[in-house]
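Step one of this worksheet: look at the structure below.
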């Protein structure tokens with residue numbers, strides 16, 4: 001069967017707009033017993049080009065390149081946390097800084113809090129725990145054969161080295177765990193139900209049209225098939241297909257822009273290196289002339305330097 005490629009932002013958003021499907025997907029990936037979820041406002045990046053595509057996107061309230069997907073979830077025990085998801089199809093030069101900046105904004109979001117009541121009766125605000133999930137289309141170097149990487153928080157007594165399992169709101173609000181879905185590694189392993197589910201992101205299943213994946217519904221556990229059917233429905237939506245094309249164009253432009261910035265940075269670095277080398281050679285020449293007895297005033301005049309600079313070079317250099 002044909003499904004829309006969920007590594008595209010617009011497709012993933014379409015997938016998660018179905019509350020039942022979103023809960024199913026997030027519960028599987030996080031291992032949390034999620035009973036309810038509340039989608040949070042999305043941050044959009046608009047295309048600077050004024051075109052019919054821009055109007056189209058604005059009308060649908062969908063992003064070309066979404067900076068975030070976030071939801072507040074409630075677990076069976078009543079505890080809440082914020083889950084944020086970042087999808088990145090291709091590698092960008094400053095991707096980690098963008099992720100850090102967005103994560104920092106979530107910690108600064110004053111609406112992400114809960115009221116804590118201590119045994120003494122004192123009541124205070126505490127930040128909600130944040131769980132980031134990164135779905136990366138480029139391999140995570142050093143973790144080539146790991147489809148899912150869990151980054152766990154470990155609380156330990158420094159002296160005894162004993163791991164402490166006690167939950168504490170102060171620690172949970174300041175230190176987070178994380179999950180990385182390493183998409184290139186998904187083609188290598190299908191060891192359990194989660195890796196079977198996440199194979200929907202395996203880009204080796206793409207058809208000639210990269211917007212479409214070819215999968216067999218029977219390859220997925222029965223309980224995950226609503227996710228597959230939702231992606232099948234996305235493939236049939238003209239609006240979704242059109243926005244995927246716009247997203248391709250936007251990402252291509254972004255790649256080109258980053259390449260030009262990288263080239264400009266390299267050029268600046270080379271210019272800086274050449275300038276430093278020229279200064280170094282000039283200073284060596286001044287020291288040699290001073291050693292040979294040339295007057296400092298004459299050297300300064302001929303080389304366009306200040307007398308103070310020339311005289312400072314007459315002093316022994318310290319290693």
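In what sequence do 25, 112 fall when counting other Cβ within 10 Å, fewest first?
Values: 25 24, 112 19.
Placing the least packed residue first, the sequence is 112, 25.
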Legend entry - Over the chain, relative contact order from alpha-carbon pairs under 8 Å, at least 6 apart, %: 20 percent
Legend entry - the stretch 217-247 and the stretch 180-212: distance between their alpha carbon centers, rounded to Å: 14 Å
Legend entry - residue 17 versus residue 285: modelled label distance in nm, points set 7 Å from Cα along the beta carbon direction: 6.9 nm
Inset, instruction - Mind pulling the angle between the C-alpha long axis of helix 95-108 and the longest principal axis of the chain? Nearest 10 degrees, somewhere in 0 to 90. - result: 70 degrees
Legend entry - Additional length obtainable on full extension of the chain from residue 77 to residue 138, 0.36 nm per residue less Cα span: 18.3 nm
Inset, instruction - Report, in degrees rounded to the nearest 10, the 0 to 90 angle that the Cα long axis of helix 238-291 makes with the longest principal axis of the chain. - result: 20 degrees
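Once fully extended, how much extra length lies between residue 308 and residue 229, figured as 0.36 nm per residue of separation less the alpha-carbon to alpha-carbon distance? Before the final figure, lay out the partial values.
Values: separation 79, 0.36 × 79 = 28.44 nm, distance 7.81 nm.
Extra length from residue 308 to residue 229 when fully extended: 20.6 nm.
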Legend entry - Scattering profile of the chain at q = 0.13 Å⁻¹ [log10 I(q)/I(0), Debye over alpha-carbon scatterers]: -1.00
Legend entry - Overall form of the stretch 132-274 per C-alpha gyration tensor (a/c, 1.5; a/b vs b/c): oblate
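Pull out the extension gain between residue 122 and residue 267, defined as 0.36 nm times the separation in residues minus the alpha carbon to alpha carbon distance; nm, one decimal. Kindly include the intermediate steps, with their values, before the conclusion.
Working: separation 145, 0.36 × 145 = 52.20 nm, distance 5.92 nm.
Extending this stretch completely gives an extra 46.3 nm.
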Legend entry - Degrees between helix 225-235 axis and first principal axis of the chain (Cα, 0 to 90, nearest 10): 60 degrees
Inset, instruction - State the antiparallel share, in %, of DSSP beta bridges confined to the stretch 2-236, rounding to the nearest 5. - result: 70 percent
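For the stretch 219-291, state the average projected area of the convex hull of the C-alpha atoms over all orientations, rounded to one decimal in nm².
Numbers: hull surface 37.6 nm².
Computed as one quarter of the Cα hull surface, the answer is 9.4 nm².
Can you give me the Kirkwood hydrodynamic radius for the stretch 163-209, using every pair of distinct Cα atoms, in Å to one decimal? Don't skip to the answer; put the middle values down first.
Numbers: mean 1/r = 0.0733 Å⁻¹.
Here the Kirkwood hydrodynamic radius works out to 13.6 Å.
What value, in deg cm²/dmol to 500, does the helix sum -39500 (n - 2.57) over DSSP H runs of n ≥ 4 give at 222 nm once divided by the residues of the chain? Please report the intermediate quantities before stating the final value.
On the way: 10 runs with 135 residues, N = 319.
Using -39500 (n - 2.57) per qualifying helix, the result is -13500 deg cm²/dmol.
Would you mind ranking 120, 30 by Cβ crowding within 10 Å, fewest neighbours first?
120, 30
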Legend entry - Distance in nm between pseudo-label sites at residue 298 and residue 113 (7 Å out along the Cβ direction from Cα): 7.6 nm
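All of the numbers you see were taken from the coordinates with simple rules; none came from a lab. Just so it is clear, the model here is predicted, and its values are computed rather than measured. So basically every Cβ, Gly included, is an ideal-geometry build from the backbone, and we count neighbours across all protein chains shown.
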